[in-house]
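A.B. asks: Quick one: the structure is below, and I'll ask about it shortly.
The values are calculated or read from the model by the stated rules, or taken from the named source; none is laboratory data. Not measured: the values here are computed from a predicted model. For neighbour counting, all protein chains shown are included, and Cβ atoms are generated from backbone atoms with ideal geometry for every residue, glycine included.
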Amino acid sequence: MKVLVLGATGGTGRLIVRDAVAKSHSVVALVRSKALADLPGVDIIEGDVCDEVTLMRASDGCNAVVCALGTGMGRRKVDVLTVATHAMIAAMTRNGVRRLVCVSALGVGDSRGHGGFVFDRLFLPLLLSEAYKDKERQEAAIRASSLDWVLVRPAMLTDDPARGNARAITDLARVKGGKIARADVAQFVVDQLTTDFYLRQTPVLMW
C-alpha cells in the first residue's frame, strides 16, 4: 500500500513512518524542509501542508493518508489543523484516495470530560484550549467528508517503549484519563490502514 504521512517529522509521526515501512508499505512524507527530515526508506516531498495543490501532488497514486499533524500548547489562536484538513480532504477527493487515519486526542468531541480531573480542569483550559478548538474543527471536517476515516484519540502520550497491550475504547462511560506510548499509537494507526474494524469510529487509545 502507498501511504502519504502528514506530520511525519513529529514524535508520533516518525514512529508511524517507521512502522509503516517495517510493514512493507510504500511511504510518502510531506514535510516543510527536506533538511530536517531524516526518514530512511521514505519518499520525501517538500511543501506546505495547507496547500491543496501540494497535497494533490503528494497524494497522487496513494491508497491512504495518515494525518499526524499537531500544534503546540498555549493560548494563541491556531487554525493549521483546520486549514490543512480542508485542503487534505479536497486533495484526497480529487485524487480518489479513500482511506484516512487521523491522530486526534482524548478530550476532543464526545471524549471531552474524560481526560481526568487535572487534565480537564487545568491543562485543557489553561494550556490547550485553542489547540483543542482546532482539533474539534478538524474532526468535524473529517466527519462531514465522504472519506473512509478513522479518528484515533490517544490518551496522554509518553515516549515509553511499546507495550503491545493498548486498549481501543469506544464506550467512554468509565474512562477518566490514562496514558499511552507513542509507539503503541503508531502501531495502531498503521494497523488501521488495512482493516475496517474501526471505520468511521473514534477509538480512544490507552493502557
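A.B. asks: Restricting attention to region 69-88, report how many residues are under 23 Å from Val185 (Cα atoms) and more than 14 Å from the chain's Cα centre (by Cα).
C.D. replies: 2
A.B. asks: Would you please name the residue that is surrounded by the fewest Cβ atoms within 10 Å (Cβ to Cβ), looking only at residues in region 94-139 that are among the hydroxyl-bearing types (Ser, Thr, Tyr) and either at pLDDT below 95 or within 16 Å of Arg75 (Cβ to Cβ) (or both)?
C.D. replies: Ser129
A.B. asks: Please work out which residue is surrounded by the fewest Cβ atoms within 10 Å (Cβ to Cβ), limiting yourself to region 69-93 and to residues that are in contact with a Cys (Cβ under 8 Å, 6 or more places away or on another chain) and of a type in the set (A, V, I, L, M).
C.D. replies: Val80
A.B. asks: Just need a number here: residues in region 140-163 that are surrounded by fewer than 22 Cβ atoms within 10 Å (Cβ to Cβ) and either among the polar types (S, T, N, Q) or part of a strand (DSSP E or B) (or both).
C.D. replies: Within region 140-163, residues that are surrounded by fewer than 22 Cβ atoms within 10 Å (Cβ to Cβ) and either among the polar types (S, T, N, Q) or part of a strand (DSSP E or B) (or both) number 6.
A.B. asks: Report, ordered by the first and then the second residue, all pairs with beta carbons closer than 6 Å, sequence separation of six or more or different chains, a first member in region 103-115 that is under 15 Å from Thr12 (Cβ atoms), and a second member that is assigned to a loop (DSSP other than H, G, I, E, B) and of a type in the set (Gly, Ala, Ser).
C.D. replies: Val103/Ala68; Leu106/Gly115; Leu106/Ala155
A.B. asks: Follow-up. If Ala29 satisfies all but one of (1) in a strand (DSSP E or B); (2) among the hydrophobic types (A, V, I, L, M, F, W, C); (3) touching a Lys or Arg at 6+ places or on another chain (Cβ under 6 Å), what's the number of the condition it fails?
C.D. replies: If we test Ala29 against (1) in a strand (DSSP E or B); (2) among the hydrophobic types (A, V, I, L, M, F, W, C); (3) touching a Lys or Arg at 6+ places or on another chain (Cβ under 6 Å), just (3) comes out false.
A.B. asks: Now, a different point. Tally up the residues in region 164-177 that are among the hydrophobic types (A, V, I, L, M, F, W, C) and part of a strand (DSSP E or B), please.
C.D. replies: 2
A.B. asks: Is it the case that region 180-203 has a residue that's of a type in the set (Gly, Ala, Ser), in contact (Cβ under 8 Å) with a residue 40 or more places away in the chain, crowded, with 16+ Cβ neighbours inside 10 Å and part of a loop (DSSP other than H, G, I, E, B)?
C.D. replies: no
A.B. asks: Right, something else. Hey, does region 147-168 have a residue that's at negative phi, out of contact with any strand residue (DSSP E or B) (no Cβ under 9 Å at 6 or more places or on another chain) and at pLDDT 95 or above?
C.D. replies: So far as region 147-168 goes, no, none of its residues is at negative phi, out of contact with any strand residue (DSSP E or B) (no Cβ under 9 Å at 6 or more places or on another chain) and at pLDDT 95 or above.
A.B. asks: From the residues in region 12-46 that are small (Gly, Ala, Ser) and surrounded by 15 or more Cβ atoms within 10 Å (Cβ to Cβ), which one is nearest to the chain's Cα centre (by Cα)?
C.D. replies: Only one residue fits best here, namely Gly13.
A.B. asks: Are any residues in region 64-93 touching a Leu at 6+ places or on another chain (Cβ under 6 Å) and at pLDDT below 95, and if so, which ones?
C.D. replies: Met73
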